[in-house]
Every structure is written in C-alpha cells, then in structure tokens.
Amino acid sequence: MKKKWKRGIALIIVMSLLSGCYGEQKQNEILESGKIKVMYYDEPSFYNDYGNLFKMKYPKIEFDVINMNNVHVNREQNGAWDYHVELKKLIEAHKPDVLLLNENLFEDYARQGLLYDIETMIAKDKFDIDAISPGLIEMIRGKGDGKLYGLAPYFYADVLYFNRDLFKQHQIDVPTNKMTWKQLFELSRRFTNTSTGEKTVVGLYQDYGVEHMLQQVVSSSELRLLDAKTDKLLINSDGWREAIKLVTDAIRDKYIYLQASNRTSEEMIEGFFRGQAAMTLNGPWLAKELKARALFDKASKSFEWDIVTMPVASSSPDESANVHVPEIFAIAGDSSNKQAAWEFVKFVNSADMAMSASRTVNGKLPARPGLLQDIEGKSSEPFYLLTPKKAPSFEESLGSTAAYKEFNQLFQPVLSEELQAIIDDRQTVEEAIAVLEVKGQEALQKAKNKISEK
C-alpha cells in the first residue's frame, strides 16, 4: 500500500510538470531551443535536483553545468587558498547565465553591479513573490541595496529543542517562543542538581565551545566587535561585558554544558538523545534524527520532545541571526540569455517546486511558509516565526574573507583562553576584556598587514 502511495505521488508530480503546473506561463509558451549555463555543485546532483524536472517543461533547453566543486581541486596545493576568490575565478572563466551564490558572495556581486535586477520580470510574469517569506525577500533586497537580484528557494534556521518528559518530571515550566538568552539560561539553571537514576541531568547541552556560545548570544543583539571606520575593537563595552559575564557564569555554575570542541558532533549531541539534557539548540535535521536514533543507538531514549524559537534579544524579539539563505539563484548582469535564465530561476523558486521539496525534510526549509506544516509531527512554526536579522559581519568590515580568516586564526585561541580563565576563576571579566582588547587589536593589525602584503 505504501509503495502504491509513493508511486501515486510521483505520478502526480510528473503529470503536473507535463501539464505546465510549474511556473506561471501557459503550456504553449515554450522556450525556443538553447543552452543555459548554470552554476551548481556537480552535474549529476544538478539534474537530480532541478535539471530533469525543468526539461520536462522545456525539453528544447540544454544545460551547461559549471561544476562548483572544481574550486576545491587545488586547495591543498595552495596555502593561500580562498573559496570566494577561487569561485570568482570560476565565474569569470565560464561566465554562467545563472549563478548560485552564498550570502556573502551574492552581496559582493550585487553591490558591484554584476547581477541582473529581476523585479521587471517578476512583475511581467506576475510571479507570486508575495507568497515567499517577506523576511527572506527583505534580507536579499538588503544585500542588493534595495534591489532584488536573486531568489532563494529555501533557508536554514535553528530552534530550541526540549525534552517535555524531563520538564514534566521535574515540574519545571517548558520553554516558550522568543525567550531571551538570559531567560533561557535561567530556565536551564533550574535543572542544576537534578538527576534521573545515576546520571545527572543538565539544562542546556551544546556541541561547541565557550567562544561559539558567546557568539550565539552576541549575534542576536546589536553588538559589533569592530568599528570599521576606525579599525578598532569594541569589546570593551557594557554590551560585551554583560554577554561575557552571562555566558561564563552559566558555564561555571553548570547552568549549561558545552562539550569539548575535539569531539565529533555525533558524540557531542548524545546527551540530548539519551535523555540527559533538557534542551539543545539545533536545526531541522535533528527532528528526523530523534526519530531514527533509537534504531541504531541502544543507549538513546524515546521521549516526548518539542521545539520553540531560538532565544532573541529583548530589543529585537522578532528577529534571529540564525536564519540563513546559503543558496541564492541570480542572473548574471552580462548574460545574453536572460529570459531563459529567468525561466529557470523562476522554476526553482516556484510554489510547485517548493511543494515537491517540502515532502522531504533534509535540513532545508521551504522559503514559502505554510507548505511545511510539521516536522516529524511537530509544528514547523518556530522555524518560520522569526525574521532574518542583519547580524553585524566582521568579515564585511574587514573587507575580505581572507582578512577575516587571518584575524580569526589569531583571535579565536586568545578569546577561548581568556573566557576559560574567567570560568576557572583565574581572572575577572574586566581583566579578560583588557587582555582581549590589546591582543585583539594586535591580531587585527597583523591580519590586515598580511593581506596587504599578498
């Protein structure tokens, strides 16, 4: 019966394609034969994800797939390898009609005027852009200084997962949407000294180190690490002071538990799977993993779980810095094949394509709210409730990915060491900030000097 049902769904999808359900143009409005150059990871995955379905609607169109994975070929041979630089070289060499860009590269290309403004085509075809999450459209427009240079068919977002059974057992109120980080840590504190059998239960369990937890807290606020105009670190401020104290106090007093950074993510998350942690922050993939985990991990426990939004800043309770669009489809400004390229971009971002993709939860969330009603029986609302926040980007301020990497390599070990010293009561928050301000400024100058020398 199940196999017949799946065959039925597949048949419906194919029939809708053949009848012209994808896109808004009529069935007889078929593109003339031609070739579209499209950036994608590799040719097989392109045809599996989009190409084969598109050719059902436009059989006369051929594709020239520009393999993005080729940028990794010489990575180990070149110590100064930079993904964005190599990807730009690939684009310049092959000049694709349709570009697949991450947020940073999209913004870079949009502001250089290298992309085509698709607003006119959207209006001409009456493409239902209003059905796409307004927050995502606003974010993409923001990266193009108000102009719309691309569309994203899906996004990623994290939420707070929690173990309902543990909250019920210990008579603690469950988490709610739009809690602040301070409220989350206080809720986590209530699990201190609780236990089930021989094992202690922790409130919040995460798979990364203290410096990343601090970044999570800071990214939800308006705090910046760098003043781009003066090239000075801003860590010596009340906002940073409060964030550092909040995180280090919670770790020292065991409100939250962070695994060692040298463990694999699968090992790190075991605490939540095994009923030893009340809460954890993660993406959509964890919902599916919770269902399947018991099949191969005997130590995992089945329990009633649920989700709420990520913690937010009280100053912007409707926004989250944990909403990202990793793939934006755009049309090259110098493309001589803009109409065909637009038909493909429109197809990828169509309601029918989103409906088809929403049947499989693989970590990607459709950009059109309402299509994905639930994830493993839980409402998907927390994933859609917060709009993307324009998080302060240190990478943007430094002017290049390479400069950011150079600074990060120098500053992150210092940050981790100083935060751990606070946790271990070897120094105060004020003393740590004084060190970070000096060493951070030195790291910034070294990074800029090194990049300028290349």
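Quick look at the values:
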{"read-out": "Lone unmet requirement of (1) in contact with a His (Cβ under 9 Å, 6 or more places away or on another chain); (2) open to solvent by 40 Å² or more (accessible area, probe 1.4 Å); (3) not β-branched (Val, Ile, Thr) for GLN206", "value": "(2)"}
{"read-out": "Residue list for segment 424-438, filter: of a type in the set (Val, Ile, Thr), open to solvent by less than 80 Å² (accessible area, probe 1.4 Å) and farther than 16 Å from GLU242 by Cβ", "value": "VAL435"}
{"read-out": "All positions within segment 79-90 that are more than 18 Å from VAL325 (Cβ to Cβ) and in contact (Cβ under 8 Å) with a residue 60 or more places away in the chain", "value": "ALA80, ASP82, VAL85"}
{"read-out": "Pairs, first assigned to a helix (DSSP H, G or I) in segment 103-131, second open to solvent by 60 Å² or more (accessible area, probe 1.4 Å) and at pLDDT below 95, C-beta under 7 Å, six or more apart", "value": "GLU103/HIS324; ARG111/ASP145; ASP125/GLU24"}
{"read-out": "Unmet requirement for MET121, which otherwise passes all of (1) within 26 Å of ILE66 (Cβ to Cβ); (2) out of contact with any Phe, Trp or Tyr (no Cβ under 8 Å at 6 or more places or on another chain); (3) surrounded by fewer than 20 Cβ atoms within 10 Å (Cβ to Cβ)", "value": "(2)"}
{"read-out": "Among residues of segment 206-232, those that are outside any helix (DSSP H, G or I) and either of a type in the set (A, V, I, L, M, F, W, C) or closer than 15 Å to ASP249 by Cα (or both), counted", "value": "5"}
{"read-out": "Flag if SER195 is over 30 Å from PHE347 (Cα atoms), modelled with pLDDT of 90 or more and of a type in the set (Gly, Ala, Ser)", "value": "no"}
{"read-out": "Test result for LEU184, assigned to a helix (DSSP H, G or I) and touching a residue at least 40 places away in the same chain (Cβ under 8 Å)", "value": "yes"}
{"read-out": "Segment 132-146, residues that are of a type outside the set (Ser, Thr, Tyr) and not in a helix (DSSP H, G or I)", "value": "ILE132, LYS143, GLY144, ASP145, GLY146"}
{"read-out": "Test: residue in segment 325-340 that is closer than 21 Å to LEU223 by Cα, part of a strand (DSSP E or B) and in contact (Cβ under 8 Å) with a residue 60 or more places away in the chain", "value": "no"}
{"read-out": "Subset tally (residues that are within 20 Å of ILE36 (Cβ to Cβ), open to solvent by 80 Å² or more (accessible area, probe 1.4 Å) and modelled with pLDDT of 90 or more) for segment 60-92", "value": "2"}
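The values are calculated or read from the model by the stated rules, or taken from the named source; none is laboratory data. Quantities reported herein were computed from a predicted structural model and do not represent experimental measurements. So basically every Cβ, Gly included, is an ideal-geometry build from the backbone, and we count neighbours across all protein chains shown. Quick note on the areas: whole protein, heavy atoms, side chains included, nothing else; ligands and nucleic acids left out. Shrake-Rupley method; radii C 1.70, N 1.55, O 1.52, S 1.80 Å.
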